[in-house]
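Note sheet for the following structure.
The values are calculated or read from the model by the stated rules, or taken from the named source; none is laboratory data. Keep in mind it's a predicted model, so treat the numbers as computed, not measured. Please note: Cβ atoms are built from the backbone with ideal geometry, for glycine as well, and neighbour counts cover all protein chains shown. Just the protein is used for accessible areas: all its heavy atoms, side chains included, with ligands, DNA and RNA removed. Shrake-Rupley method; radii C 1.70, N 1.55, O 1.52, S 1.80 Å.
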Amino acid sequence: MFHVQSPQMLQMLEKSLVKNLPEAIKVYGTVFHMNQGNPFKVKALVDKWPDFNTVVVRPQEQEMTDDLDHYTNTYQIFSKDPKNCHEFLEKPDVINWKQHLQIQSAQSSLDEVIQSLAATKLVKVKKTQCILYMMPPTVKKLVPSLLDTQHLHPKSEIPRIINQEMFKLSSLDVAHAALVNKFWSFGGNERSQRFIERCIQTFPSFCLLGPEKTPVTWTMMDYTGELRMGATVPEYRGLGLMSYISYIETKSLEKLGFPMYSHVDKANKAVQKISDNLRHVTMPCDWNQWNCMPL
């Protein structure tokens with residue numbers, strides 16, 4: 001095992017991961033933000049250096065003090081050899097299998113080794129698989145061949161105009177975390193709210209304030225660079241607000257040079273339609289999350 005920690009090595013790792021997109025997007029996005037100051041205090045581990053096969057990005061040990069907090073205890077994994085990374089992933093100093101944890105990756109091929117390890121470690125696993133999208137500016141910059149393959153124009157479609165007298169563009173405040181948490185399908189508890197608060201305090205977020213001066217639609221980033229937790233409150237749905245705020249977010253983050261991607265539940269046809277209208281590019285791989293709980 002090798003801890004990649006010097007600025008030069010982390011930049012080398014980021015450049016190397018670009019060659020493995022889109023499968024490496026969760027690790028790439030996290031390493032990108034590590035190179036922007038590492039605000040979430042995560043670390044990158046590889047099986048060997050510089051010719052690595054497997055990368056695991058995880059929090060520092062001092063961040064993982066709550067054994068039940070799988071939002072903090074989250075691991076991003078990419079492997080060039082997913083069928084043979086078992087030995088590296090079973091090491092206790094790579095993954096702490098005694099905690100409640102999450103593993104995220106765009107590689108469905110990791111499922112076999114994760115399920116095998118979980119059985120060995122006496123861990124219950126719940127897998128979630130969603131559609132993975134990448135925003136056109138990111139595809140154009142990092143994996144332009146996917147635009148050619150799908151015959152897509154690299155520019156997003158401009159959404160319809162909203163009532164700017166009624167809705168004001170703003171950013172989320174930490175006081176809005178409870179509202180975001182209420183509508184987040186993976187949230188709804190105290191630990192998820194703390195995670196949301198930390199993301200709001202650390203990364204750019206976007207919302208529209210309604211007549212009551214509270215957010216009626218929003219979208220935000222997590223520490224992997226993924227755009228997620230977006231929602232519109234029920235009474236304001238169907239007005240094109242999510243399309244509008246997503247378009248504004250993409251334009252703003254493009255100027256900062258951030259990689260942009262998201263996932264959508266396979267059953268959520270409404271958000272899939274928004275993604276299609278904004279010309280988000282469907283990736284040939286899936287968004288995967290394994291929620292692991294010791295028995």
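With respect to (1) in contact (Cβ under 8 Å) with a residue 24 or more places away in the chain; (2) touching a Ser or Thr at 6+ places or on another chain (Cβ under 9 Å), the lone exception for L68 is condition (2). Scanning segment 170-199 for residues that are open to solvent by less than 20 Å² (accessible area, probe 1.4 Å), in a helix (DSSP H, G or I), out of contact with any Gly (no Cβ under 9 Å at 6 or more places or on another chain) and without any contact (Cβ under 8 Å) to a residue 60 or more places away in the chain yields a count of 2. Looking at segment 76-93, can you tell me whether even one residue there is closer than 21 Å to Y261 by Cβ and among the hydrophobic types (A, V, I, L, M, F, W, C)? Yes, segment 76-93 contains at least one residue that is closer than 21 Å to Y261 by Cβ and among the hydrophobic types (A, V, I, L, M, F, W, C). The strands (runs of 3 or more DSSP E) falling completely within segment 204-295 that include 1 or more residues that are of a type in the set (S, T, Y) and in contact with a His (Cβ under 8 Å, 6 or more places away or on another chain) map to 261-264.
Each row is one residue, and each column tells you yes or no for (1) over 30 Å from F78 (Cα atoms); (2) in contact with a strand residue (DSSP E or B) (Cβ under 7 Å, 6 or more places away or on another chain).
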position	(1), (2)
F183	no, yes
N189	no, no
Q193	no, no
S205	no, yes
L209	yes, yes
T214	yes, no
P234	yes, no
